[in-house]
Amino acid sequence: MLPTLPPLREVIAKYGLSAEKALGQNFLFDGQLLDRIARVPGDLRDASVYEVGPGPGGLTRALLGAGAHVVAVERDRRCLVPLIELTNAFEGRLTVIEGDALEQDEAALVGRGAHIVANLPYNVGTPLLVRWLSDDSWAPWWASLTLMFQKEVAERIVAKPDTDHYGRLAVLAQWRAAPRIAFTVNRAAFVPPPKVTSAIVHIVPTEAPEGVKLPVLERLTAAAFGQRRKMLRQSLKAVPGALEALERLGIEATRRAETLAVADYVALARDLSGAR
Ligand code: SAM
């Protein structure tokens with residue numbers, strides 16, 4: 001049996017949780033939408049979930065309602081009391097940590113195999129995603145990511161070659177993981193509504209290609225996409241060994257960054273990772 005809880009709008013009024021722009025606060029109140037987000041990672045009964053920015057606790061309620069154990073990190077002190085009320089209502093299945101999500105050692109907090117689910121504050125969304133995708137060990141400590149982004153960022157994460165959105169973020173998100181847009185979310189669903197449409201992105205890790213060092217891959221994509229309109233023979237000039245690697249792999253140096261598949265970047269990075 002799920003506990004009876006006050007409507008989220010009442011919680012906001014009772015604790016004076018007016019949304020702060022600086023904290024990227026755009027709250028969700030629609031229970032059906034929140035349940036839909038909580039279903040994206042799959043069956044959460046007894047699963048461990050890490051949530052960034054629970055705010056007044058709408059998504060947290062949905063995750064707890066789905067049977068998860070949740071560790072949530074929130075920076076806004078005003079939200080702590082209503083969140084403690086949720087901890088009590090769900091008999092300790094929620095642990096709330098006050099702090100900055102960018103400064104947490106999440107693996108130590110939640111352990112391996114946790115699902116990350118968050119309606120992210122936009123200002124820290126991309127840095128957190130990059131951090132989670134850059135984990136030293138692979139498979140990473142997290143089992144899946146279910147994250148709200150501005151739709152434009154979501155499109156950059158899932159982008160395919162030969163499109164405007166394709167770039168460093170797409171390669172980072174796709175070389176050893178599979179991202180998809182689960183669904184888009186109308187701006188009117190948020191209080192207050194942000195300027196743009198949002199989207200829920202779901203990412204699961206896949207097997208990491210052998211022999212590729214992430215810093216090498218990143219150096220390549222930074223150089224290639226840093227001058228995306230230039231030919232590779234120009235943009236990769238500053239990366240030692242890259243032009244020779246292009247030749248060895250039969251990739252035309254007259255091509256531009258956005259025409260290479262993720263597999264091409266992986267092959268180049270593997271070639272260069274072995275060379276040092
Ligand atoms: N989860 C709630 C919901 O869906 O209604 C709130 C989402 S709101 C977009 C983002 C939340 O992240 C806010 O509660 C904000 O205070 C919190 N936040 C912002 N920056 C943060 C940070 N660096 N670390 C942890 N939480 C942060």
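Structure notes:
- Here is the figure for region 142-157: residues that are surrounded by fewer than 20 Cβ atoms within 10 Å (Cβ to Cβ) and among the hydrophobic types (A, V, I, L, M, F, W, C) total 1.
- Selection count where residues are free of Cβ contacts under 8 Å to residues at least 24 places away in the same chain and not hydroxyl-bearing (Ser, Thr, Tyr), scope region 207-237: 8
The rows are residues; the columns are (1) surrounded by fewer than 24 Cβ atoms within 10 Å (Cβ to Cβ); (2) in contact (Cβ under 8 Å) with a residue 12 or more places away in the chain.
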| position | (1), (2) |
| --- | --- |
| PRO41 | yes, yes |
| ALA47 | yes, yes |
| VAL70 | no, yes |
| ASP76 | yes, yes |
| VAL81 | yes, yes |
| ILE84 | yes, yes |
| GLU91 | yes, no |
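Results for (1) near the ligand (Cβ under 9 Å from one of its atoms); (2) part of a strand (DSSP E or B); (3) of a type in the set (A, V, I, L, M), shown as yes or no for each residue.
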site: THR4; (1), (2), (3): no, no, no
site: ILE37; (1), (2), (3): yes, no, yes
site: PRO56; (1), (2), (3): yes, no, no
site: LEU59; (1), (2), (3): yes, no, yes
site: ARG78; (1), (2), (3): yes, no, no
site: ILE84; (1), (2), (3): no, no, yes
site: GLY92; (1), (2), (3): no, no, no
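- Members of region 205-233 that are surrounded by 14 or more Cβ atoms within 10 Å (Cβ to Cβ) and of a type in the set (S, T, N, Q): THR221, GLN227
- Qualifying residue in region 205-217 (condition: within 16 Å of the ligand (Cβ to nearest atom) and basic (Lys, Arg)): no
- Qualifying residue in region 16-28 (condition: over 24 Å from PRO192 (Cα atoms), in contact (Cβ under 8 Å) with a residue 60 or more places away in the chain and in contact with a strand residue (DSSP E or B) (Cβ under 6 Å, 6 or more places away or on another chain)): no
- Within the set ARG248, ARG228, the sole residue that is outside the structural domain of ALA182 (by TED's automatic domain parsing), of a type in the set (Lys, Arg) and modelled with pLDDT under 95 turns out to be ARG228.
- Reported count of residues in region 168-190, each being within 16 Å of the ligand (Cβ to nearest atom) and either of a type in the set (A, V, I, L, M, F, W, C) or touching an Asp or Glu at 6+ places or on another chain (Cβ under 6 Å) (or both), is 6.
- Residues that are in a helix (DSSP H, G or I), at negative phi, within 14 Å of the ligand (Cβ to nearest atom) and at pLDDT 95 or above do occur in region 12-32.
- Residue check, ALA72 within 12 Å of the ligand (Cβ to nearest atom) and modelled with pLDDT of 95 or more: yes
- One residue stands out among those in region 98-124 that are surrounded by 14 or more Cβ atoms within 10 Å (Cβ to Cβ) and either free of Cβ contacts under 8 Å to residues at least 40 places away in the same chain or among the polar types (S, T, N, Q) (or both): the one that is nearest to the ligand (Cβ to nearest atom), which is ASN119.
The values are calculated or read from the model by the stated rules, or taken from the named source; none is laboratory data. None of these values were measured; they are calculated from a predicted model. Backbone-built Cβ (ideal geometry, glycine too); neighbour counts: all protein chains shown.
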